[in-house]
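Enquirer: I'd like to ask some things about the structure below.
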């Protein structure tokens, strides 16, 4: 029986689970706050004697390229969010309201999930090297835009299906064109869906490693590739590496925690319905 | 009037959909064509001349034991990881689905791994498991247990565990969201009828959650097939080719050995292996759309 009493047993089980699931992050924060001496002398030496020096090093004081990776990740993620919204929202309206393509566009969008991203590795490399786009942030905006558009299409069409038709019909009777209805009536009502698309696209784009590793060399390298290379190139500077990783995790984490309601709705709607 | 409106709607729908159509043409149709053509060509870093070579790459691929081994490893990994994440995510959702103190904060805390890039997670795993400075080896050291986490025997379970740390939160989230649709009255009615909690879960909750279960299996399995980042960063597919996923096989064939033709053939075969399930997947994922 599901009890309404406070369940402290459940509390303890979940607390332990949450700590375990976040052990990697807690460990990185722990090391980022300790000096390299403390780190080297043992995992359980509780001396937080580094202040923010590791964070300052990661953000440029020690001369790593990390700050430019960070800027790249931000530009790529924001650019992708913009591109995905501009491509998917009008198309979803055409599909859901104007019957464009019958059921086929959405079926293709669902079916595309079956093709692993790795399939596009070689073709994308060949395509983008032939037009000299390799190692620019544009190439990653395009590629991530493509991989995220299908989910955005599904989220927007689900959201449109839940909007009442009456207001749009009334506006149409009053002579509003399709574009006016979209701009003045539909887009303002799609706010929650737009946040859901933005937060999911931001997360997935920030997380991209596979395409970044083949399509960038140095100028457009994002934090994911930068941090993974960091471990191999500066193997013993554990404190700086930890700080760099913690900083790399922060932007999507903060965005997602603030928009958690939309993240949960988007992930479960996009996943369950997509 | 009606006619002009539908004409206007048709014109508008083409204009509104055109960015998507251009996108699909440039980033879906063209790459598929290029992938197929490359798979039928001799295209290597060592030789600038690209020439059509028929099914040569496919013959080489199907005779390459490393390829089949990578398929076997990928499937085993995806099946075991999916099953564990299904069960653990469901149990966690059941435990969560009651009056837990501090629920809001615990919920956010459990979801945090979803918000972390797998490759960054992999870097943190390396710090956590490092034999000199890692917390995990140090913890075992307290009990004088010496662990070699990256030894061949421990490697597979370790990679599965690390995959669970990142993706149990995701399966948990999907199950928890669908549990919210099970009305409390159902539990009450069942308990009045003398049904125990375990019986209620087995006979009522699980059947009600069947659509969510199917979706979780599909999504996790499809994601599991494309596993790359964490394993590549932690082991590079090694030792030898022991933990080589199909993704790592394709990546290495193309960018370490420089054989684009063979890598493209492997990509095509991978999609062909998954293709028979596509209509079924579209149906499963689209029927739940109407609910």
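Enquirer: Being surrounded by fewer than 23 Cβ atoms within 10 Å (Cβ to Cβ), farther than 30 Å from residue B:257 by Cβ and at pLDDT 85 or above is true for just one of A:41, A:53. Which residue is that? Give the steps one after another, and end with the answer.
Expert: Details: A:41 fails: at pLDDT 85 or above.
Exactly one residue qualifies, and that residue is A:53.
Enquirer: Scan (1) within 10 Å of chain A (Cβ to nearest Cβ); (2) within 27 Å of the chain's Cα centre (by Cα); (3) not in a loop (DSSP other than H, G, I, E, B) for the single condition residue B:187 breaks and write down its number.
Expert: (2)
Enquirer: Moving on. For segment A:9-45, enumerate the residues that are more than 7 Å from chain B (Cβ to nearest Cβ), more than 17 Å from residue B:107 (Cβ to Cβ) and part of a helix (DSSP H, G or I).
Expert: To start, the set of residues in segment A:9-45 that are more than 7 Å from chain B (Cβ to nearest Cβ) comprises A:9, A:12, A:16, A:19-20, A:26, A:29-30, A:32-38, A:41, A:45.
Now drop any that are not more than 17 Å from residue B:107 (Cβ to Cβ), which leaves A:9, A:26, A:29-30, A:32-38, A:41, A:45.
A:9, A:26, A:29, A:30, A:32, A:36, A:37, A:38, A:41 - these are the residues of segment A:9-45 that are more than 7 Å from chain B (Cβ to nearest Cβ), more than 17 Å from residue B:107 (Cβ to Cβ) and part of a helix (DSSP H, G or I).
Enquirer: Quickly run through segment B:247-265 and pick out the residues that are within 24 Å of residue B:152 (Cβ to Cβ) and within 7 Å of chain A (Cβ to nearest Cβ).
Expert: B:247, B:250, B:251, listed by residue number.
Enquirer: While we're on this one: Can you confirm whether segment A:75-89 contains a residue that is free of Cβ contacts under 8 Å to residues at least 24 places away in the same chain, touching a helix residue (DSSP H, G or I) at 6+ places or on another chain (Cβ under 7 Å) and more than 9 Å from every other protein chain (Cβ to nearest Cβ)? Break it down into steps so the answer makes sense when it comes.
Expert: In the first step, residues of segment A:75-89 are kept if they are free of Cβ contacts under 8 Å to residues at least 24 places away in the same chain; the result is A:82, A:86.
Now narrow it down to the ones that are touching a helix residue (DSSP H, G or I) at 6+ places or on another chain (Cβ under 7 Å): A:86.
If we keep only those that are more than 9 Å from every other protein chain (Cβ to nearest Cβ) as well, we get none.
There is no residue in segment A:75-89 that is free of Cβ contacts under 8 Å to residues at least 24 places away in the same chain, touching a helix residue (DSSP H, G or I) at 6+ places or on another chain (Cβ under 7 Å) and more than 9 Å from every other protein chain (Cβ to nearest Cβ).
Enquirer: Go through B:61, B:75 for me and flag whichever is on the phi < 0 side of the Ramachandran plot, under 15 Å from the mean Cα position of the chain (by Cα), within 14 Å of another protein chain (Cβ to nearest Cβ) and not in a strand (DSSP E or B).
Expert: Going through B:61, B:75 in turn, just one is on the phi < 0 side of the Ramachandran plot, under 15 Å from the mean Cα position of the chain (by Cα), within 14 Å of another protein chain (Cβ to nearest Cβ) and not in a strand (DSSP E or B): B:75.
Enquirer: Would a scan of segment A:138-159 turn up a residue that is surrounded by fewer than 20 Cβ atoms within 10 Å (Cβ to Cβ) and at pLDDT 95 or above? Walk me through it before giving the result.
Expert: Going through segment A:138-159, the residues surrounded by fewer than 20 Cβ atoms within 10 Å (Cβ to Cβ) turn out to be A:138.
Cutting the leftovers down to at pLDDT 95 or above gives us A:138.
Checking segment A:138-159: at least one residue is surrounded by fewer than 20 Cβ atoms within 10 Å (Cβ to Cβ) and at pLDDT 95 or above.
Enquirer: Scan A:118, A:126, A:105 and give me the residue that is in contact (Cβ under 8 Å) with a residue 40 or more places away in the chain, surrounded by 15 or more Cβ atoms within 10 Å (Cβ to Cβ) and more than 18 Å from residue B:18 (Cβ to Cβ). Before the answer, list the steps.
Expert: On the way: A:126 fails: in contact (Cβ under 8 Å) with a residue 40 or more places away in the chain; A:105 fails: more than 18 Å from residue B:18 (Cβ to Cβ).
Only one candidate passes the filter, namely A:118.
Enquirer: For segment A:160-173, name all the residues that are more than 11 Å from chain B (Cβ to nearest Cβ), in a helix (DSSP H, G or I) and surrounded by 13 or more Cβ atoms within 10 Å (Cβ to Cβ).
Expert: Those that are more than 11 Å from chain B (Cβ to nearest Cβ), in a helix (DSSP H, G or I) and surrounded by 13 or more Cβ atoms within 10 Å (Cβ to Cβ): A:160, A:167, A:168, A:171.
Enquirer: For the list (1) in contact (Cβ under 8 Å) with a residue 24 or more places away in the chain; (2) in a helix (DSSP H, G or I), I need the number of the one condition that residue A:64 fails.
Expert: With respect to (1) in contact (Cβ under 8 Å) with a residue 24 or more places away in the chain; (2) in a helix (DSSP H, G or I), residue A:64 is out only on (2).
Enquirer: Then there is this: Confirm whether residue A:48 is modelled with pLDDT under 85, away from chain B (no Cβ under 12 Å) and assigned to a loop (DSSP other than H, G, I, E, B).
Expert: On the way: modelled with pLDDT under 85: yes; away from chain B (no Cβ under 12 Å): yes; assigned to a loop (DSSP other than H, G, I, E, B): yes.
Taking the combined requirement at face value, the residue satisfies it.
Enquirer: Is there any pair linking a residue in segment A:254-274 that is at the interface with chain B (Cβ under 7 Å from one of its Cβ atoms) to one that is at pLDDT below 85 and part of a helix (DSSP H, G or I), with Cβ under 7 Å and at least six apart or on different chains, and which?
Expert: Partner pairs satisfying both residue conditions: A:256/A:263; A:272/B:288; A:273/B:288; A:273/B:289; A:274/A:110; A:274/B:285.
The values are calculated or read from the model by the stated rules, or taken from the named source; none is laboratory data. Because the structure is a prediction, the values reported are computed rather than measured. No Cβ is skipped: glycine too gets one built from the backbone with ideal geometry, and neighbour counts run over all protein chains shown.
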